[in-house]
Amino acid sequence: MSRVAVVTGAARGIGAAVVTRLAGAGWRVVAVDRCADLPGVGYPLGTRADLDAVVAPWPSTVRAVVADVRSPHALVDAVALAERDFGGLDAAVAAAAVMAGGRPLWETTDAEWDALFDTGVHGVLNLARAAVPALLRRPEPRAGRFVALASAAAHTGLWHLAGYNAAKHAVVGLVRGLAADLRGTGVTATAVSPGSTDTAMLAATADLYGLSDVGEFATHQLVDRLLTPDEVAAAVCWLCSAESGAVTGSVLHADGGFLA
């Protein structure tokens, strides 16, 4: 039987790449995205057209859901759709996040701080609250997976991005605590910390730093290039697999050597 996943932040970037990889491997997927811009975020977010393009190749096995991860009820509905249409839930991937900053912490606005935490931290919490009970509804022996996108910024300080640092540190702490709560259930909780990945979010970061070429971020990584969303998605999808059962409460550093 095909495994079933819910993926947030699915309209573009790493979230979209996760949907594509899972669907290509035979998973049935509920692909969730806000598909609208957000106060406190100074760049355009993914659109409904972006989300539709991601799901179009799999009309029978991938559902597009326009929903805001800041809304607990919206994610409960997305999980209910997975259970109703596909028979259950085996993995939840929290990939929705935004970038804001470009100033010292003491100059960070409330709107920027709220955007970072409401989407990047509360969104992970809301998905866990909605998805974990469904993962636990699978009969034993289970192989449920909860995977959150953290960042290299969860493990080091980045200049003028203290709010983003704080949000991503919170994601790692949330995942470690969740893994402890899931002890012995067969459901695991992990995080993936990407390095500089060629996405719209990285382009927005370059704008915050006044960089004309996003490729300048590649110099911080041992691979000496930007990562592709698909490379990071490969790590996420392995953690979603039944084969990753020995890994929980851990962070997989898919960062191209950013932290080496």
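At-a-glance table
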| quantity | calculated |
| --- | --- |
| Verdict on Phe86 being touching a strand residue (DSSP E or B) at 6+ places or on another chain (Cβ under 7 Å), surrounded by fewer than 24 Cβ atoms within 10 Å (Cβ to Cβ) and not charged (D, E, K, R) | yes |
| Qualifying residue in segment 118-133 (condition: surrounded by fewer than 23 Cβ atoms within 10 Å (Cβ to Cβ) and of a type in the set (S, T, N, Q)) | no |
| Members of segment 165-175 found to be of a type outside the set (S, T, N, Q) and either surrounded by 17 or more Cβ atoms within 10 Å (Cβ to Cβ) or under 19 Å from Met99 (Cα atoms) (or both), listed by number | Ala166, Ala167, Lys168, His169, Ala170, Val171, Val172, Leu174, Val175 |
| Enumerated helices (runs of 4 or more DSSP H) restricted to segment 153-260, each holding at least 3 residues that are under 29 Å from Arg28 (Cβ atoms) and hydrophobic (A, V, I, L, M, F, W, C) | 162-181, 229-240 |
| Residue match in segment 102-114 (condition: touching a Pro at 6+ places or on another chain (Cβ under 9 Å) and surrounded by fewer than 24 Cβ atoms within 10 Å (Cβ to Cβ)) | yes |
| Every residue from segment 51-73 that is touching a helix residue (DSSP H, G or I) at 6+ places or on another chain (Cβ under 8 Å), over 22 Å from Ser2 (Cβ atoms) and surrounded by fewer than 18 Cβ atoms within 10 Å (Cβ to Cβ) | Val66, Ser71, Pro72 |
| Among (1) assigned to a helix (DSSP H, G or I); (2) under 20 Å from Cys237 (Cα atoms); (3) out of contact with any Ser or Thr (no Cβ under 7 Å at 6 or more places or on another chain), the one test that Leu89 misses | (1) |
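One line per residue, one yes/no per condition, for (1) without any contact (Cβ under 8 Å) to a residue 24 or more places away in the chain; (2) assigned to a loop (DSSP other than H, G, I, E, B); (3) touching a Gly at 6+ places or on another chain (Cβ under 7 Å):
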| residue | (1), (2), (3) |
| --- | --- |
| Cys35 | no, yes, yes |
| Tyr43 | no, yes, no |
| Val54 | no, no, no |
| Ala64 | no, no, no |
| His73 | yes, no, no |
| Ala96 | no, yes, yes |
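The numbers here are math on the coordinates, done by the rules we state, and not lab data. Just so you know, these numbers come straight off a predicted model, no measurement behind them. Positions of Cβ are backbone-derived with ideal geometry, glycine not excepted, and every protein chain shown enters the neighbour counts.
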